[in-house]
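Values in this text are rule-based calculations from the coordinates and carry no lab data. Predicted model, so just to flag it, every value in this text is computed and none were measured. Virtual Cβ from ideal backbone geometry, glycine too; neighbours counted across all protein chains shown.
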Amino acid sequence: MSECVNNSGWREIITFPFGERAAKPRRQGLTMVMDKGLGTGETKDLLRVHHRYLDFVKLGFGTPALYTQGILEEKIHLAVSHNIDIYPGGTFFEIAVWQDKLVDYLDKCRTLGFTAIEISDGTIQMCREVRVKAITMAAEKGFLVLTEVGKKNPGSGVPVISMAEQAREDLQSGAYKVILEGRECGLNVGLYDEKGKVPRGDMQLLLEYISEPGQIIWEAPLKPQQHDLITRFGPDVNLGNIAPREVLALEAMRLGLRADTLQLKVDNSIAFD
C-alpha cells in the first residue's frame with residue numbers, strides 16, 4: 001500500500017521546489033542506509049523518523065554474525081514491518097562463496113527473514129558462472145537481488161568498461177538493481193577518483209552500457225556526491241551507503257529544501273519537474 005510521503009500541514013503552505021516524491025513502494029528515487037551496528041533502540045528511532053524515505057537497510061560487512069541472539073531477528077522484523085527491504089552486506093556474501101557455503105548462506109538469510117541479497121566480488125575473485133548461479137539461486141529463493149560492481153581496494157585499476165559490462169550482464173541475469181561501489185569513504189574506489197568525483201568520460205562510458213540510470217544504485221556517502229548525482233539525474237536517482245543520521249538531510253536535498261539544490265531551481269539552471 002502506498003503512503004503519503006509529505007506532512008500535509010506544511011504542504012498547505014509550501015510547495016516543494018522539485019515537486020512531490022513518489023510514495024512507497026517505489027522503483028526509483030531509492031535510498032539505502034548502511035547500518036554498521038545500530039542497537040534495537042536506535043533502529044526503532046531510525047525507522048520511526050525516516051521510514052517514509054527509506055527503501056533499503058544494509059547491515060554492513062559481516063555484522064549480522066555479531067549480534068547476540070534475538071537482536072538481529074528484531075532488527076530484521078522492524079525493517080520489514082516498515083516496508084523496508086533489509087539485507088546483509090556483500091562482504092558477508094563473499095565469505096560464504098569463498099568458503100563454498102552459498103546455499104547454506106542463502107537458506108540462513110531466508111530463515112532469518114532478510115528480504116534482499118547483495119551479490120558482489122569486491123574482495124574475492126569470482127568467476128562469471130558462479131556470479132550468475134548466485135543471482136539465479138537468490139531470485140529463486142524469493143530474494144530481491146542486488147549486485148555490486150567494483151573493487152574495494154583503493155585504486156584497484158578495474159577498467160570502467162569491465163564494470164559497465166558486468167553491470168549490464170547482471171541486469172540481464174535477473175538482478176533488480178546494480179550497486180556501484182563507493183564504500184563508506186567514497187574516495188579512490190569504484191568509479192570515484194581520489195577527490196570523490198566520477199570522471200566525465202567514465203560516466204559517459206558507463207551510461208552507454210546502462211541506458212537507464214534508474215537501474216543503478218550509486219553508493220554516495222558524501223554530500224557533494226549526492227548533490228552531483230541529483231544535479232545530473234534528478235531527485236529520483238537511487239542513492240546508497242547513506243549514514244542513518246543523514247536520511248532527512250538527503251531527502252531535503254532531493255526536494256529542493258536545501259540551499260545546495262534550491263539554488264539550481266532559483267537559477268533556473270535545471271528543471272526536474
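Only lysines eight or more places from Lys195 in sequence, or on another chain, were considered; those with a Cα closer than 21 Å are Lys151, Lys152, Lys223.
Thr147: net charge of surrounding residues, Cβ under 10 Å, Lys/Arg +1, Asp/Glu -1, itself excluded?
-3
So which aspartates and glutamates pass the test for Lys108, namely a Cα distance under 16 Å, with those fewer than 8 places away in the same chain ruled out? Correct list for Lys108: Glu73, Glu74, Glu94, Asp100, Glu118, Glu140. Between Ala243 and Lys44, the modelled label-to-label distance comes to 2.5 nm, taking each label 7 Å out from Cα in the direction of the beta carbon. Taking label positions 7 Å along the Cα-Cβ direction at both Ile13 and Glu208, the computed distance is 5.1 nm, reported to one decimal. For the residues Tyr105, Tyr67, Tyr209, a GNM of the chain with alpha-carbon springs under 10 Å puts the largest fluctuation on Tyr67. For the options Gly113, Gly70, Gly150, a Gaussian network treatment of the chain with springs between C-alpha atoms closer than 10 Å singles out Gly70 as fluctuating the most.
A Gaussian network model of the chain, with springs between Cα atoms under 10 Å, assigns the largest mean-square fluctuation among Asp228, Asp121, Asp45 to Asp45. Note on the range 100-121 and the range 196-273: Cα centroid distance 30 Å, given to the nearest whole angstrom. Just to be sure I understand, if you calculate log10 I(q)/I(0) by the Debye sum over Cα atoms at q = 0.11, 0.16 Å⁻¹ for this structure, which of [x] -0.82, -1.15; [y] -0.75, -1.27; [z] -0.61, -1.30 do you get? From the options [x] -0.82, -1.15; [y] -0.75, -1.27; [z] -0.61, -1.30, the structure gives [z]. The 3J(HN,Hα) values that the Karplus relation (6.51, -1.76, 1.60; θ = phi - 60°) gives for the range 213-222 are, in residue order, x, x, 7, 10, 10, 8, 5, 9, x, 9 Hz. Gly and Pro appear as x. Between Gln125 and Lys223, the modelled label-to-label distance comes to 4.3 nm, taking each label 7 Å out from Cα in the direction of the beta carbon. FRET efficiency for the Val266 to Arg200 pair, using the beta carbon distance and R₀ = 25 Å, is estimated at 0.50.
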